[in-house]
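Colleague: Once you've had a glance at the structure underneath, I'll fire off some questions.
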Amino acid sequence: MSSVKDLFNFPFSHIYVEEKVMDHELTRKILSRYAKSSVIPITHYKDVFNRPNQSFLLQKAVPSLILARNTGASVFQGAPVCQDFGYDHFYYTSCARNCIFDCEYCYLRGMYGSGNVVIFVNLEDILSEVEELLKEHPVYLCVSFDTDLIALENLTGFVARWAEFTRSHEDLTIEIRTKSFRKDIYEKIAPCDRVIFAYTLSPQEIIEKYEKRTASLAERLGAAACAMEKGFPVRLCFDPLIYVQNGKDLYTSMFEEVQRNIDVHRLKDVSVGSFRISSEYIKKIRKDFPTSSICQFPYENRDGYMQYPRELQKEMENTLLTLLQSFISKDKIYMTDTEEKT
Amino acid sequence: MFFIVCALSAEAKPLISALSLRRDTHACPYDTFFAEDSSCVLVISGMGTVAAASATTYLLTRFGFNKEQDFFLNFGSCAGAAPGLHPIHKIHDDVTGRDFYPDMLYDLSSCGLPLSSEKALVTVSHVVSSLADPELLYEMEASAVFQAAARFVPPHRMLFLKYVSDSGTDDPKKITSALLTAWAEKHVSTILRVIQYLKDQKEEDGAIDEDLFLGTALALRLSETMRHELHQFFVYAKAEGIDMEPILSDLEKEGKIPSGSKREGKEVLDVIRQRLI
């Protein structure tokens, strides 16, 4: 049998473009980078993105790109299983759907029927919506939510635009979460204490096993150190904690590496949360990824969320907390506790 | 297996011959051909959307499309400006205004079908006399074939390959069966390469040892819910590379399998979970 990879087209070999954004400046910029791709005009992105019976697995291997206009509301209140870091008005927004990384445990696999990447080119409309919200109250906004914006920055320039927008809106704080290695971005944008760069960290063995195409632990730490150096607030996210047989050793050595590479006293904060996922999403994921051990783990369903058995979860989180408290004060550690919140 | 739908015998003839397909002599609602090694089935639908949808459904239900292993191909002629064989990445239904998109995951350039040969196609209700848009292809079945097939076939296992026979005509009789066959003949070797290229693409199914699972579920007197739980243990063990057999045989030696009651079975289930994690 020939290798599946040999048979595939190249990533973004097909770019579906909504007719109404064909002339958008960002559309033209993106298309100019993909001269060899086949460009297919479409009426609405859902005609492609929401088709039934798509293979998330294969599309992840060779994603198509969809350029669309986000119509309707684009800013949403955060879900209870997401960490709000003590902010009263916690929101998230999606200027893109899916990302170029391929994390085996990603909730997007359960949320979307497609592994293709959607970019909403009309960021200006989302910014206007945020401005309206800011008239009511301060806003804490996660902008890299259903995607990894830094990984898409070359294409979109959205991180730079969000950073600039936040600098000019005092009541806005944004979080940009990533697993990317890119440092160059910190040369291109001016530092702002309300633009938080959040690095999701996992032991290298877990990255290799479950977080395909993402940056290595060393690369992520290098990028995080660079962000701190340039004056940006940096958050480390040990979320999701993933169970593996020798997890305690792996997480211990990961913390040693964190301390070697990062001035931990300068961290804004850290978050900790074990893997959890909506029971609805896991049903789909298990069907689509029958050979994935992380998807097929016998989780417990507690309050509609599939989680590690209580004892195991407690043990994992306590181990992490003990390790964390040895180098960061307790008030900077945010735990995600689904049971308290739901 | 490859499931193939062609509108006309004249279009299918070279393919039937090249694939050594035999006519199904049973009473069939449509002319049906099959390969003796079960690698391929082909149906002649007749012209138009109703015939195409109906024949597609017949083919896919009669022979049972396997979503993890099989491929579906719609092959036929069309009107267009660019001669040659074209993979179709978009199908527009002229009557309903709806669009359909087969997934274009596979690189067919080594079969002679580079990205640049792809086209969008319009399904119309009549033979076109001229090309409204010379960039597009025009024919009379694909949108219906897609809609009927989509009930059974994932979009990445569908392939629409159309060859240009004309650039529109006022007199359809000018496009004779002999001409359609002659043009189809030119593309048969490409189709054979595509079939050869894709035929072994099987997706992982995560199948477990059903006998061992069922035997254990029975021996533990499990309820339906507990059976699901045990099944999940088996699937997880397979994904993680853990052999269930030694775990279960240890439990047998310890006298825990078989269990005397459903309640005991539940306790053993917890032990299995502990040993797995």
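The values are calculated or read from the model by the stated rules, or taken from the named source; none is laboratory data. Keep in mind that this is a model prediction, so the values were computed, not measured. Every residue, glycine among them, receives a Cβ derived from its backbone with ideal geometry; neighbour counts consider all protein chains shown.
Colleague: Can you tell me which residues in the range B:1-37 are farther than 16 Å from B:V188 by Cα, touching a Phe, Trp or Tyr at 6+ places or on another chain (Cβ under 9 Å) and not hydrophobic (A, V, I, L, M, F, W, C)?
Modeller: Within the range B:1-37, B:R22, B:R23, B:D24, B:P29, B:Y30, B:T32 meet the criteria.
Colleague: Then there's this: Which one is nearest to the other protein chains (Cβ to nearest Cβ), of the residues in the range B:95-134 that are assigned to a strand (DSSP E or B) and aromatic (F, W, Y)? Let's see the steps before the verdict.
Modeller: Narrowing the range B:95-134 to residues assigned to a strand (DSSP E or B): B:99-100, B:106, B:119-123.
Next, only the ones that are aromatic (F, W, Y) stay: B:100, B:106.
Values: B:F100: 8, B:Y106: 5 Å.
Here the answer is B:Y106.
Colleague: In this structure, does A:F12 turn out to be part of a loop (DSSP other than H, G, I, E, B), at positive phi, at pLDDT below 90 and of a type in the set (F, W, Y)?
Modeller: So A:F12 does not fit the description; no.
Colleague: Which condition number in (1) part of a loop (DSSP other than H, G, I, E, B); (2) of a type outside the set (A, V, I, L, M); (3) surrounded by fewer than 21 Cβ atoms within 10 Å (Cβ to Cβ); (4) within 10 Å of chain A (Cβ to nearest Cβ) is the one that B:P83 fails?
Modeller: (4)
Colleague: So, one more: Among the listed residues B:K119, B:K162, identify the single one that is among the basic types (K, R), touching a residue at least 60 places away in the same chain (Cβ under 8 Å), within 25 Å of B:S9 (Cα to Cα) and surrounded by 15 or more Cβ atoms within 10 Å (Cβ to Cβ).
Modeller: Only one candidate passes the filter, namely B:K162.
Colleague: List the strands (runs of 3 or more DSSP E) that sit entirely inside the range A:253-342 and contain at least 2 residues that are in contact with a strand residue (DSSP E or B) (Cβ under 9 Å, 6 or more places away or on another chain) and within 14 Å of chain B (Cβ to nearest Cβ).
Modeller: Numbers: elements: A:269-274, A:276-278, A:300-302, A:305-307, A:333-335.
The qualifying strands (runs of 3 or more DSSP E) are A:300-302, A:305-307.
Colleague: For the structure I just gave you, tell me whether A:P290 is without any contact (Cβ under 8 Å) to a residue 12 or more places away in the chain, buried (at least 17 other Cβ atoms within 10 Å of the Cβ) and more than 19 Å from A:K209 (Cβ to Cβ). Outline the logic, then answer.
Modeller: Details: without any contact (Cβ under 8 Å) to a residue 12 or more places away in the chain: yes; buried (at least 17 other Cβ atoms within 10 Å of the Cβ): yes; more than 19 Å from A:K209 (Cβ to Cβ): no.
The answer is no for A:P290.
Colleague: Moving to a separate point now. Looking at (1) in a helix (DSSP H, G or I); (2) closer than 24 Å to A:Q307 by Cα; (3) touching a strand residue (DSSP E or B) at 6+ places or on another chain (Cβ under 6 Å), which one does A:E129 not meet, given that it meets all the others?
Modeller: It fails just one condition, (2).
Colleague: Would the range A:237-247 turn up any residue that is modelled with pLDDT under 95, within 14 Å of another protein chain (Cβ to nearest Cβ), in contact with a helix residue (DSSP H, G or I) (Cβ under 9 Å, 6 or more places away or on another chain) and part of a helix (DSSP H, G or I)?
Modeller: yes
Colleague: Output the residues belonging to the range A:49-69 that are under 24 Å from A:L141 (Cα atoms) and surrounded by fewer than 22 Cβ atoms within 10 Å (Cβ to Cβ).
Modeller: Result: A:R69, single match.
Colleague: Pick out the one residue from B:S39, B:S54 that is surrounded by fewer than 20 Cβ atoms within 10 Å (Cβ to Cβ), in contact (Cβ under 8 Å) with a residue 40 or more places away in the chain and under 19 Å from B:I195 (Cα atoms). Step through it out loud before you land on a result.
Modeller: Working: B:S54 fails: under 19 Å from B:I195 (Cα atoms).
Just a single option satisfies the conditions, and that option is B:S39.
Colleague: Right, here's the next one. When you go through (1) touching a Ser or Thr at 6+ places or on another chain (Cβ under 6 Å); (2) crowded, with 19+ Cβ neighbours inside 10 Å one by one for B:I257, which number turns out not to apply?
Modeller: With (1) touching a Ser or Thr at 6+ places or on another chain (Cβ under 6 Å); (2) crowded, with 19+ Cβ neighbours inside 10 Å applied to B:I257, the lone miss is (1).
Colleague: Check off (1) free of Cβ contacts under 8 Å to residues at least 40 places away in the same chain; (2) surrounded by fewer than 18 Cβ atoms within 10 Å (Cβ to Cβ) for A:H137 and give me the number that stays unchecked.
Modeller: Every condition holds for A:H137 apart from (1).
Colleague: Would a scan of the range B:57-73 turn up a residue that is within 27 Å of B:D133 (Cα to Cα) and assigned to a strand (DSSP E or B)? Walk me through it before giving the result.
Modeller: Step one: filter the range B:57-73 for residues within 27 Å of B:D133 (Cα to Cα), giving B:73.
When the remaining residues are screened for being assigned to a strand (DSSP E or B), the result is B:73.
Checking the range B:57-73: at least one residue is within 27 Å of B:D133 (Cα to Cα) and assigned to a strand (DSSP E or B).
Colleague: Then there is this: Show me the helices (runs of 4 or more DSSP H) found entirely inside the range B:158-277 where at least 3 residues are within 14 Å of another protein chain (Cβ to nearest Cβ). Before you say what the answer is, go through the steps one by one.
Modeller: Numbers: elements: B:177-198, B:210-219, B:224-240, B:244-253, B:262-276.
By residue number, B:177-198, B:224-240, B:262-276.
Colleague: From the set of residues in the range B:135-157 that are among the charged types (D, E, K, R) and away from chain A (no Cβ under 14 Å), which is farthest from B:G84 (Cα to Cα)?
Modeller: Residues of the range B:135-157 that are among the charged types (D, E, K, R), as a first pass: B:135, B:139, B:141, B:151, B:157.
Within this subset, residues satisfying the condition of being away from chain A (no Cβ under 14 Å) are B:139, B:141.
Details: B:E139: 15, B:E141: 19 Å.
The selected residue is B:E141.
Colleague: Is one or more of the residues making up the range B:112-126 in contact with a strand residue (DSSP E or B) (Cβ under 9 Å, 6 or more places away or on another chain) and at positive phi? Lay out the reasoning, then the answer.
Modeller: We begin by selecting, within the range B:112-126, every residue in contact with a strand residue (DSSP E or B) (Cβ under 9 Å, 6 or more places away or on another chain); these are B:112-113, B:115-124.
Applying the additional criterion that residues be at positive phi yields B:112.
Among the residues of the range B:112-126, at least one is in contact with a strand residue (DSSP E or B) (Cβ under 9 Å, 6 or more places away or on another chain) and at positive phi, which makes the answer yes.
Colleague: OK, next. Within the range B:188-227, which residues are more than 22 Å from B:S259 (Cα to Cα) and aromatic (F, W, Y)? Let's see the steps before the verdict.
Modeller: From the range B:188-227, those more than 22 Å from B:S259 (Cα to Cα) are B:188-208; that's our starting set.
Selection gives B:Y197 alone.
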